[in-house]
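Engineer: The following block contains the structure, expressed as structure tokens.
Just so you know, all these numbers are worked out from the coordinates, no wet-lab data involved. Keep in mind it's a predicted model, so treat the numbers as computed, not measured. Here the Cβ positions follow ideal geometry from the backbone for every residue, glycine too, while neighbour counts run over all protein chains shown.
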Amino acid sequence: MRDPQASPSDSLRDVYERRAELQYAEPVEPPDPAVDRKFERMAEVLRKHLPCRSLLDAGCGDGRYFHVIAADPPTERLVGCDISERILATARETAAQVGLSSELVRANVEALPFEDEAFDLVLCTQVLEHLLSPADGVRELARVLRPGGVLLLSADHARNTVTRVLFAPRLAVVGLLGLRNRHAPVLFPEHRFETEELAQILAEAGLAVDHLETFRFSVPPPLGRRTRRLVNRIDKALPRHRHGDIVLAFARKP
């Protein structure tokens with residue numbers, strides 16, 4: 001371990017501690033993959049890269065991907081990190097429930113406390129968009145990867161055309177009534193990435209992008225699980241497209 005440097009998102013720690021207390025206080029069961037397309041796709045991708053020797057779940061949150069990792073755990077080392085100590089307490093409970101031995105470390109992804117080339121697989125899902133300096137975060141993820149190691153990275157996508165069309169009537173009413181963010185318990189940074197923007201950030205960090213895709217369409221809350229299942233099946237059946245909510249990259253360290 002090394003002493004991390006101060007970084008921009010350190011200022012957000014209290015925000016994420018509050019969010020963890022309100023939204024992630026207890027472990028959750030693995031989401032239904034037929035309904036939760038994000039979990040389904042990320043779990044599928046993660047399984048294809050297991051087993052490995054050492055894995056970092058960067059921004060591990062409540063540890064929900066530990067349910068996937070437990071089926072084929074790293075042979076040497078599993079580490080999860082998050083900026084929130086409160087959410088790490090939940091992740092520890094999740095790890096215990098699935099029988100995983102893990103190191104859980106409070107850390108900001110923009111300044112990781114791990115040595116260079118410490119991991120041969122890094123998972124970072126839906127974290128980058130919440131950093132004040134995403135480029136610093138990606139450089140740190142690249143730094144801790146071993147040569148030949150793989151980064152599995154997902155983030156919010158800027159051109160989520162289908163979801164924006166589906167939500168347009170609801171958002172118009174919310175905007176008209178001035179209700180946007182009115183009931184949000186915690187406000188935090190949220191940036192959506194163009195696919196080319198994310199590819200450039202990865203390349204500037206010295207990583208080779210082997211795969212880039214977008215996936216998942218969201219439906220407005222009044223529509224139920226049956227509609228979400230249908231929309232998820234449509235997304236899976238389509239050829240690769242650039243209209244999903246989430247952009248997913250596989251990047252390798254040369």
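Engineer: Where in region 11-53 are there trypsin sites (Lys or Arg not before Pro) that are in a DSSP coil and have at most 15 other Cβ atoms within 10 angstrom of their Cβ?
Structural biologist: Those satisfying the criteria are R53.
Engineer: Quickly estimate the mean residue ellipticity at 222 nm for the chain, helices only: each DSSP H run with n ≥ 4 gives -39500 (n - 2.57), and the total goes over all residues, rounded to 500.
Structural biologist: Result for the chain: -11000 deg cm²/dmol, rounded to the nearest 500.
Engineer: Quick one: net charge around R13, please, counting Lys, Arg +1 and Asp, Glu -1 for every other residue with C-beta under 13 Å from its C-beta.
Structural biologist: Value of the local net charge: -3.
Engineer: Give the range of the longest stretch in the chain that excludes all GluC sites (Glu not before Pro) found in loop regions by DSSP and having at most 12 other beta-carbon atoms within 10 Å.
Structural biologist: The reported range is 1-75.
Engineer: Quick check: residue separation of R159 and V28 times 0.36 nm, minus the Cα distance between them. What number comes out in nm?
Structural biologist: Once the chain is fully extended between R159 and V28, it gains 44.2 nm.
Engineer: Between region 196-254 and region 1-60, what is the separation of their alpha carbon centroids in Å?
Structural biologist: 17 Å
Engineer: Using a Förster distance of 22 angstrom, determine the FRET efficiency expected from the C-beta separation of Q5 and R252, and round it to 0.05. Working shown, then result.
Structural biologist: Details: r = 26 Å, r/R0 = 1.18.
The computed FRET efficiency comes out at 0.25.
Engineer: Tell me, what ³J(HN,Hα) does each residue in region 193-208 have, in order and in whole Hz, if you take phi through Karplus 6.51 cos²θ - 1.76 cosθ + 1.60 with θ = phi - 60° and put x for Gly and Pro?
Structural biologist: 9, 5, 4, 5, 4, 5, 4, 5, 4, 5, 5, 5, 8, x, 9, 9
Engineer: How far, in nm, would the chain grow between A168 and E117 when pulled straight, counting 0.36 nm per residue and subtracting the alpha carbon separation? All intermediate terms of the calculation are to be shown ahead of the outcome.
Structural biologist: Values: separation 51, 0.36 × 51 = 18.36 nm, distance 4.50 nm.
Taking A168 through E117 to full extension adds about 13.9 nm, to one decimal.
Engineer: Oh, and also: Within 10 Å of each residue's Cβ, count the other Cβ atoms and sort L88, L141 from fewest upward.
Structural biologist: Working: L88 24, L141 29.
In increasing order of surrounding Cβ atoms, one gets L88, L141.
Engineer: So what's the chain giving for Rg/Rh, alpha carbon basis, Kirkwood Rh from the mean inverse pair distance?
Structural biologist: Radius of gyration over Kirkwood radius for the chain works out to 0.95.
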